[in-house]
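In what follows, a structure is listed as structure tokens, so that the remarks can point back to it.
The values are calculated or read from the model by the stated rules, or taken from the named source; none is laboratory data. Keep in mind that this is a model prediction, so the values were computed, not measured. We place every Cβ from the backbone using ideal geometry, glycine too, and count neighbours over all the protein chains shown. Only protein heavy atoms, including side chains, enter the accessible area calculation; ligands, DNA and RNA are left aside. Shrake-Rupley method; radii C 1.70, N 1.55, O 1.52, S 1.80 Å.
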Amino acid sequence: MMKGRMNNHTKGILCIIAAAFGFSWMTILVRMSGDLPTMQKAFFRNAVAGIVAIAMIIRSGEGLHIERKNWGDLFFRCLFGTSGLIANFYAIDKLDIADANMLNKLSPFFAILLSIPILKEKPSRRDILATVVAFVGALFIIRPTANLRVIPALLGLYGGFGAGTAYVFVRKLGKKGEKTAVIVMCFSLFSCLVSGPFLLFCYHPMSWKQLLCLVMAGVAASVGQFGITTAYKFAPAKDISVFDYTQVIFAAIWGVLLFDEIPVLYSIIGYVLIIGTAVVRWYQRDR
């Protein structure tokens with residue numbers, strides 16, 4: 001029995017690192033697509049992921065069947081995932097890549113809070129303290145002032161909230177036996193339905209390079225989406241979520257190499273507080 005748990009734990013870690021790599025490249029490609037409307041970027045990112053998910057469902061030969069009892073959970077997974085993704089895309093365009101990724105990676109701490117009403121899981125005092133410290137770290141990244149940078153930073157923070165809430169519903173759906181491809185497909189199609197109408201009013205013509213960047217962003221997002229959804233089906237967030245922070249490391253490296261973005265001291269302090277807290281929580285999870 002222990003061996004089975006270890007196997008699932010290891011699979012969860014590998015899936016979440018693969019997801020972090022995919023999502024880090026998604027943020028880079030979204031930035032490289034240039035000055036396009038956020039909704040346009042979101043549409044193409046999710047359209048590609050949706051096509052991949054549908055192809056996997058067709059290939060499995062099992063067809064599409066969603067239990068009626070899962071409809072509500074799927075809707076809230078899609079609602080919070082979509083709103084969080086749109087907020088994150090806006091932050092990616094306005095903030096340094098590493099800062100935008102770090103704010104989005106507050107999602108595990110939001111997941112702790114949202115697991116109370118949704119999954120009926122009671123956090124320990126240690127979890128509550130970790131959440132408080134993580135939000136102090138977020139303040140170092142947001143750096144509340146009277147300038148306009150606060151707006152994309154707060155939207156980046158909401159991106160983390162949306163992702164964290166969505167992952168709680170992913171965990172709930174996984175415990176009910178819902179298939180990964182179905183969850184990803186529903187999320188992708190829902191996001192396209194939300195962002196699609198905006199293209200009628202603010203569509204910007206794209207060069208072949210911009211289109212290629214968005215298509216590849218969709219492919220990278222598919223790697224991330226399938227990885228994260230599968231990871232949380234293998235193991236609880238408290239056991240593996242710390243490895244999701246490798247995305248920030250990947251993103252910081254790409255930011256330095258491709259955009260010459262060197263994080264400022266306050267941001268680095270925020271990274272240390274948030275990642276350090278996550279590492280301590282993970283290390284003490286069974287103690």
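Just a few scattered comments:
- Three semi-axes of the equivalent ellipsoid, segment 103-182, Cα gyration tensor, whole Å, largest first: 27, 17, 7
- Placing unit charges on the Cβ atoms only, positive for Lys and Arg and negative for Asp and Glu, gives the chain a dipole magnitude near 1000 debye about its Cα centre.
- Evaluated with a Cβ-only charge set (Lys, Arg +1; Asp, Glu -1), segment 1-143 carries a dipole of roughly 460 debye about its Cα centre, given to the nearest 20.
- Only one residue of M56, Y158, Y266 has its Cα farthest out toward the positive end of the dipole of the chain, where Lys and Arg carry +1 and Asp and Glu -1 on Cβ, and that residue is M56.
- √(5λ) per eigenvalue of the Cα gyration tensor, segment 42-161, largest first, Å: 31, 22, 11
- Extending 7 Å from the Cα toward the beta-carbon at both Y266 and K209 defines two label points whose distance is 3.3 nm.
- Additional length obtainable on full extension of the chain from K175 to R126, 0.36 nm per residue less Cα span: 15.1 nm
- Alpha carbon Rg of segment 32-72, scaled by the compact-globule rule 2.2 N^0.38 Å: 1.65
- Above-threshold pairs, the threshold being 31 Å between Cα atoms, out of K11/K105; K105/K209; K69/K94; K209/K233: K69/K94; K209/K233
- For segment 82-227, dividing the convex hull volume of the Cα atoms by the residue count gives 137 Å³ per residue.
- Estimated inter-spin distance, D35 and L193, nm [label 7 Å along Cα→Cβ]: 3.5 nm
- The chain: proportion of alpha-carbon pairs further apart than 35 angstrom, %: 13 percent
- Seen through its C-alpha gyration tensor, with square-root eigenvalues sorted a ≥ b ≥ c, segment 172-287 comes out oblate because a/c lies at 1.5 or above while a/b is not bigger than b/c.
- Structural descriptor for the chain: relative contact order 42 percent, calculated from alpha carbon pairs under 8 angstrom and at least 6 residues apart.
- Fraction in percent of alpha-carbon pairs per bin - 5 Å, segment 187-234: 5, 17, 16, 24, 20, 10, 5, 3, 1
- Test item: Cα-centred dipole of segment 82-168, Lys/Arg +1 and Asp/Glu -1 on Cβ, debye: 260 debye
- Dimensionless Rg/Rh of segment 1-102 - Kirkwood Rh, Rg from C-alpha atoms: 1.04
- Share of carbon and sulfur in the accessible heavy-atom surface of the chain [1.4 Å probe, %]: 71 percent
- The sum of -39500 (n - 2.57) across all DSSP H runs of n ≥ 4, divided by the residue count of the chain, sets its helix-only mean residue ellipticity at 222 nm to -27500 deg cm²/dmol.
- Membrane-span-like helices of the chain, defined as complete DSSP H segments with a Cα extent of 27 Å or more along the helix axis and a mean Kyte hydropathy of at least 0.0, are identified as 2-32, 38-60, 71-94, 150-175, 180-202, 208-234.
- Computed with a 1.4 Å probe over protein heavy atoms only, the accessible surface of the chain comes to 48 Å² per residue.
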